[in-house]
Amino acid sequence: MNRFILLILMLITLNACKNEVTQKEETAKVVAVTTTNKSDYYQEAYRPQFHFSPAANWMNDPNGMVFFDDEYHLFYQYYPDSTVWGPMHWGHAVSKDMVSWEHLPIALYPDELGYIFSGSAVVDWNNTSGFGKDGQPPLIAIFTHHEPKGAADENINDYQYQSIAYSNDKGRTWTKYEGNPVVPNINKIKDFRDPKVVWNEDSKQWVMVFAAYDHLKFYGSPNLKDWTHLSDWGHQYGAHGGVWECPELYPTTVEGTGEKKWGLIVSLNPGSPNSGSGTQYFVGDFDGKNFKLDPQFAKDVPKGKGLWLDYGRDNYAGVTFSDIPKEDGRRLFMGWMSNWDYAQVVPTEKWRSAATIPRSMILKKTKDGYRVYSQPIKELEKLRGKSANITGTSLTGTLEISKNKGINTTLSEVILTAENHTANSKFGVAITNSKGEIYRIGYDAAKNQYFSDRTKAGKSAFSEKFAASIHPAPRLSTDKTIKLHVFFDAASAELFADDGATVMTDIFFPTEDFNQLSLFSEGGEVQVKGKIYELNDVW
């Protein structure tokens, strides 16, 4: 290895592993400063107003999402010293409702075993780990250690392995297990990362799934410390255009029935439907050792083909919250709202990246088999302000909403139904500004596809891959009525079509705010009705 490169890597690692007490004090100061200057807090260009984003610097994957003692914990991949990827930490925020978030000091720092890559967190209710204190269950974080010197050496492949840490104060401070790593990389697999853990009641054990380049590995443990290999899965199914990452195995119930199945999420980079990063899913059964894909589902996802949680370009590495109370019963998901094709060069200055709005994932049995629907969480409704009704309008051309209805649509939620559209019509929602920049999202009847068009939505020169084409998504529903449910933030749009059967998430960067919203129909007439809400910010 080049000695200069090795020296630089060593310096970076030393800097990342400096005294943790000092780092936490510095982080606390940053949080205190940002929360006192409300006049300019979270007001930078493109800053999301109702999505989670870090106060400053770089974030990517959501990590360690867990509900405990009336708090939703969001940890995330974080580099506190730059707005581009660097030595990974776990940032930390908590919320009572997944809508308004409180920043907390960094939770996990790099150490002698490496950077802190993606992973998960669980409540060890029965103290199987023995880390509990005063009769209270501990929180256990499970994550990948990534050793940077090994990663820089092309002759070394065992530089990633799984480790744990525990907390006895609601996640405010963490102690790394002295026996780390708990899953060493004995087979020397280059991409060996992103553990997600769930308690399997039937087999009375913890089950860990993580990615191993182009497939998944399942491990079992009675105590979160001692792990045994159970099985491998995935070589023969799903999209394989890139490296598999951030998997999750979870129990679920088919909506409207008592039928129990297991869902499996796998992120992939590159290889998504509209290029770059994306997240596919599978449905099957798990017997405590092996995951078996549902036979009908297996026909839909032979090797090389995937079914996707989101067909937009900007929802990646998402997982769900563990330990959601049974009386709630939802499977709650958040993703990273960006794409590795351009994430490090988007035109934000103080920070980079945000999380998607939380979604409830629902398993339905359709005529085509099992399918996952994603719907925005009901807690978002508290953001609604002034509204305008669209009542039985016969739409041809453009219908101005912001001016005609007298509402501010810069932050907005649009709920529409469309019927009796002509065979070649294309219709949807457009947001524009005085510069003539425009973003459009809607339905193309001739192609039976939804689409997201950011080709003229503002800045794109930072990456030739960002606005090269219109992004299509298949319409999976066969209902005659088209349903569009769209959330617009300062620099993003999220579409939940047909009650969440088709989902698209895209970001954009207009040179001034998109402050005008309209409905459009091209190539024919369509009957539309619905409601449009102004949304309040959360920061």
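Read-outs: derived from the displayed coordinates by stated rules, not from any lab. Note that this is a predicted model, so its numbers are computed, not measured. Methodologically, a virtual Cβ is constructed for each residue, glycine included, from the backbone with ideal geometry; neighbour enumeration extends over all protein chains shown.
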Could you run the Karplus curve 6.51 cos²θ - 1.76 cosθ + 1.60 with θ = phi - 60° over the stretch 291-299 and give me ³J(HN,Hα) per residue in whole Hz, x for Gly and Pro? 8, 10, 5, 4, x, 5, 5, 4, 5
The farthest towards the positive end of the charge dipole of the chain, of the residues ALA121, VAL283, PRO137, given +1 on Cβ of Lys and Arg and -1 on Cβ of Asp and Glu, is VAL283
Amide hydrogen neighbours beyond the local backbone of SER82, cut-off 5 Å, H modeled: TRP58
Starting from the Cα gyration tensor of the chain, take the square roots of the eigenvalues, sort them a ≥ b ≥ c, and report rounded, prolate or oblate (rounded when a/c is under 1.5, otherwise prolate if a/b is larger than b/c, else oblate). prolate
Check: the stretch 426-514 dipole with +1 on Lys, Arg Cβ and -1 on Asp, Glu Cβ, in debye: 320
State, as an integer percentage, the relative contact order of the chain based on alpha-carbon contacts under 8 Å between residues 6 or more apart. 13
Hey, which lysines would be in cross-link range of LYS188, C-alpha to C-alpha under 17 Å, not counting anything within fewer than 8 residues on its own chain? LYS149, LYS217
Placing +1 on each Lys and Arg Cβ and -1 on each Asp and Glu Cβ in the chain, then taking the dipole about the Cα centre, the residue among GLY523, SER412, ALA298 whose Cα reaches farthest towards the positive end is GLY523
What are the residues whose amide H is under 5 Å from the amide H of ILE438, where those residues sit 5 or more places off or on another chain and H is modelled from the backbone? LYS456, ALA457, GLY458
Net charge of neighbours whose Cβ lies under 15 Å from the Cβ of GLY150, counting Lys and Arg as +1 and Asp and Glu as -1: -3
What's the Kirkwood radius of the stretch 391-539 in Å, using all Cα pairs? 15.4
How large is ³J(HN,Hα), in whole Hz, for each residue of the stretch 391-408 in order, when computed from phi with the Karplus curve 6.51 cos²θ - 1.76 cosθ + 1.60 and θ = phi - 60°, using x for Gly and Pro? 10, x, 8, 8, 9, 9, x, 10, 10, 6, 9, 4, 6, 5, 9, x, 10, 8
Report, in debye and to the nearest 20, how large the dipole of the chain comes out about its Cα centre when Lys and Arg carry +1 and Asp and Glu carry -1 on their Cβ. 860
What number, in percent, do you get for the relative contact order of the stretch 82-183 if the mean sequence gap of Cα pairs under 8 Å and at least 6 apart is divided by its residue count? 20
Residues of type lysines that LYS531 reaches as a straight line, Cα spacing below 24 Å, ignoring anything fewer than 8 places off in the same chain: LYS378, LYS382, LYS386, LYS403, LYS405, LYS426, LYS480, LYS483
Using alpha-carbon positions, the gyration tensor of the stretch 46-179 gives root eigenvalues a ≥ b ≥ c; with a/c under 1.5 called rounded, otherwise prolate if a/b exceeds b/c, else oblate, the class is oblate
